[in-house]
Each structure stands twice: as structure tokens, then as C-alpha cells.
Amino acid sequence: MAVLHKKEEKIQAVLGRLPKKYTHEQFVEMFIKIYSKDWGKIKSAYIKQSQDKEPGTIINMPKPDIYLKQILTSYLQQVDEPKAVVKEVIAEPVAEVKKAKAPAKKKIEVTKEASVEVKKPKAAVKKKAEKRGSYQS
């Protein structure tokens, strides 16, 4: 179950309010200001996991502030990856490409439908059993 819903939208909103050069700490502070209820949910999920654990088990969820930093980092990586791919494609020399013409569409002529007689298969001829003479005793 996701702790934080609509992560991308919320991260974009927070980043929109931050200066171009910001730290992770500034991001966390701004997130807490804007989305205090979500921050509470993240903290309560962390506390619940830490209380429900058996001795010797590892808590899967990182501390709330580290969790937000990880979400930001993964979001930034996702945003930067498509740009990197586009840069690589642009950097490669482009060979002459001739546009191929689309294949001509076939014209289908609509003609009157010929009446087709559907013949039903003949039923097998059943022979009636001949009446035999009645037995007389």
C-alpha cells in the first residue's frame, strides 16, 4: 500500500515553490508546509512499522525525512532519463532519410449482393418399420 498518493503531482508542486537551486532539506521543509497531512501519514506509517516489528527484524521504511528525499531523487531520475535519451539521439549524425510514400489505399467497390440460396441439408430418410402380422395365440 502506498504511503503517499499522487507523488509526482505533489513533488512538482513543491518544486514549483522552491528556487532553482535548492537542497533536499529545503524540499522536505517545503513539503511539510504544503502537505502537512501527508507528512503526518508518512510519520505514522513509519512509527507503526517500527512498533509492529518483532525483535531482530529490519524496518523496511526509511525515516520520514529520508523517505521524502528518496522520493525526490527517484522522481528527478525519472524526469532526467528521457532528456538524456533525446540528447544522445540528437548527438548522432543523421543520415539522409527519404520519406516513404504511404501505400495507396485500395478502393473497394460496393456491388449489389447476389442473392445466395442457402440449401438446407436434406434430412435422412427414415424408414418406417413395417407392421408385422399380429400374433395370434
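The values are calculated or read from the model by the stated rules, or taken from the named source; none is laboratory data. As the structure is a prediction and not an experimental result, all values here were calculated from the model. No Cβ is skipped: glycine too gets one built from the backbone with ideal geometry, and neighbour counts run over all protein chains shown.
Cβ-Cβ below 8 Å, separation at least six or inter-chain, first residue in the range 49-71 and assigned to a helix (DSSP H, G or I), second of a type in the set (D, E, K, R): which pairs?
The qualifying pairs are Pro64/Lys43; Ile71/Lys7.
Quick grid of which residues meet (1) closer than 30 Å to Leu4 by Cα; (2) surrounded by 10 or more Cβ atoms within 10 Å (Cβ to Cβ); (3) modelled with pLDDT of 55 or more; (4) out of contact with any Lys or Arg (no Cβ under 6 Å at 6 or more places or on another chain):
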residue	(1), (2), (3), (4)
Gln51	yes, no, yes, yes
Lys63	yes, yes, yes, yes
Gln70	yes, yes, yes, yes
Lys105	no, no, yes, yes
Ala114	no, no, no, yes
Glu117	no, no, yes, yes
Ala123	no, no, yes, yes
Lys128	no, no, yes, yes
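When the residues of the range 1-24 are narrowed to those that are within 12 Å of Tyr75 (Cα to Cα) and among the aliphatic types (A, V, I, L, M), which ends up farthest from the chain's Cα centre (by Cα)?
Looking at residues that are within 12 Å of Tyr75 (Cα to Cα) and among the aliphatic types (A, V, I, L, M), I get Leu15.
Would you check if Lys10 is touching a Pro at 6+ places or on another chain (Cβ under 6 Å), surrounded by 11 or more Cβ atoms within 10 Å (Cβ to Cβ) and at pLDDT 90 or above?
no
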